[in-house]
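For reference, the structure is listed below as structure tokens.
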Amino acid sequence: MTDKPDLLLIGRVTDRMMDRLRTRFTVHSLFDEADQTAFLTREGARFTAVSTDGHHGLTPAPVEFLPNLKVVSSYGVGYDGIDAKGLAEQGVIVAHTPDVLNDEVADTAILLWLAVSRRLIPADAWARSGAWEREGAFPLTRSVQNQTVGILGFGRIGQTIAARAEMFNARVLYHARSPKDVPHTYVESPVELAAASNVLICITPGGAGTRHLVNAEVLDALGPEGILINVARGSVVDEAALVAALSEGRLGGAGLDVFEDEPQIPDALKAMEQVVLTPHVGSATVETRRAMGDLTCDNLIRFLDEGRVHTPVPECRGLNEAVA
């Protein structure tokens, strides 16, 4: 079959995804090109569809070479690397993969909270090193029961985290762009949220609008016994301010799955016992990544068949609904 539409692949996909995509599209990987700009200049007009992910996005440079672009399907819920509003204004529908990863990211947030509070990593080292035999019992840790948990960002994943937190008898507070119809208390600002919380969990979208939303003022409000958990984007937290607050004892601990300059992590954070680090694995289970890949493909195939997608980003919902 030679009349398949052309799909530009930015990033890598699983074999399962590639098999599905190739049944309906002629797939060309941008990463296979030694000179990507030259390739896009020469061939960009032929691509009507793009498959990308939350890490690579679709930066302005590739977009300008794709005059016939109609749909972008992103593997991941975050899409701050894609100008969805600008693309929607040009009639391009952007899709992402919400909901299928809510549980895993929420579980990761709770995992980090428990690991920091109960000092899981130092306790593991204590047991492995022989310190238990030599020095006796491991020092007491802090309970996760009956805490006040502040959630910064209260979309689908934030609300899933809230449900998890309630299992630990937590009082849940939240801050979002506007109050929601939920049985939890809305707080007017991140600073007020941090001041009222024992643990602050970040799950707000990334992008320019939330860059360094958690700054030195927020960290100081959280305080020397407070814990920061970030499963959002590294850009949401001022990393230099975080290192300073932890080093100076103005913040009690942190559990971090995301970082400002991934995969680079400041050496200072690596050296801190009160910090738990994971390499951006919030949704990284076999089951969830398969579901994300399936939805990425489903969105592209539905667009090919119907001119619309299953899960458009908010900026593109009107455009998607207009297709009858």
Please report the antiparallel percentage of DSSP beta bridges with both residues in the chain, rounded to the nearest 5.
5 percent
Using a Gaussian network model of the chain with C-alpha springs under 10 Å, which one of PRO190, PRO312, PRO122 is most mobile by mean-square fluctuation?
PRO122
Taking the dipole about the Cα centre of the stretch 102-277, with the C-beta of Lys and Arg at +1 and of Asp and Glu at -1, give me whichever of GLN264, ILE110, ASN215 is farthest to the positive side.
ILE110
If I model a spin label at MET272 and ARG46 as a point 7 Å from the Cα along the Cα→Cβ vector, what separation in nanometres do I get?
5.1 nm
Amide H contacts of ASP53 (H built 1.01 Å from N, under 5 Å, at least 5 apart or other chain)
TYR75
In cubic angstrom, how much convex hull volume per residue do the alpha carbon atoms of the stretch 102-277 span?
115 Å³
Using unit Cβ charges (K, R positive; D, E negative) and no other charged atoms, how large, in debye to the nearest 20, is the dipole of the stretch 102-277 about its Cα centre?
360 debye
Does a label point 7 Å from the Cα of ILE121, set along Cα-to-beta-carbon, have any residues of the stretch 276-304 with amide nitrogen under 17 Å, and which are they?
276-282
Beta bridge orientation in the stretch 153-300: antiparallel %, DSSP, nearest 5
5 percent
Interchain or long-range residues, amide H under 5 Å from SER29's placed H
LEU9
Quick one: dipole size for the stretch 40-95, taken about the Cα centre, charges +1 on Lys/Arg Cβ and -1 on Asp/Glu Cβ, in debye to the nearest 20.
200 debye
For the stretch 205-292, share of DSSP beta bridges that run antiparallel, in % to the nearest 5
10 percent
Equivalent ellipsoid semi-axes for the chain, as square roots of 5 times the alpha carbon gyration tensor eigenvalues: give them largest first, rounded to whole Å.
40, 22, 18
Given charges at beta-carbon only (K, R positive; D, E negative), |dipole| of the chain in Debye:
560 debye
With the charge dipole of the stretch 56-164 built from beta-carbon charges (+1 for Lys and Arg, -1 for Asp and Glu) about the Cα centre, the Cα from GLY81, VAL144, LEU66 projecting farthest to the positive end belongs to VAL144
What residue among ASP35, ASP53, ASP103 shows peak mean-square fluctuation when the chain is described by a Gaussian network model with Cα springs under 10 Å?
ASP35
VAL276 long-range amide H proximity, modeled H, under 5 Å:
ALA254, GLY255, LEU256
Stretchable slack from THR37 to LYS85, in nm (0.36 nm times residue separation minus alpha-carbon distance):
14.9 nm
Kyte-Doolittle at least 0.0, axis length at least 18 Å by Cα - qualifying DSSP helices, the chain
102-117
Return the sequence-ordered ³J(HN,Hα) values of the stretch 56-71 in whole Hz as given by the Karplus equation 6.51 cos²θ - 1.76 cosθ + 1.60 applied to θ = phi - 60°, using x for Gly and Pro.
7, x, 8, 5, x, 4, x, 4, 5, 9, 10, x, 9, 5, 10, 8
What list of ³J(HN,Hα) couplings, whole Hz, do you get for the stretch 256-261 from phi and the Karplus terms 6.51, -1.76, 1.60, once you set θ to phi - 60° and write x for glycine and proline?
10, 9, 9, 9, 5, 10
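Given the DSSP H assignment, sum -39500 (n - 2.57) over each helix run of at least 4 residues in the chain and divide by its residue total; what's the result at 222 nm in deg cm²/dmol, nearest 500?
On the way: 14 runs with 122 residues, N = 324.
-10500 deg cm²/dmol, from helical runs alone.
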Of the candidates ALA245, ALA271, ALA195, which one comes out as most mobile in a Gaussian network treatment of the chain with C-alpha springs shorter than 10 Å?
ALA271
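Each reported figure results from applying straightforward, stated rules to the coordinates on display, with no laboratory input. Everything numeric here is computed off the predicted structure, so don't read it as measured data. Note that each Cβ is placed from the backbone with ideal geometry, even for glycine, and that neighbours are counted across all protein chains shown.
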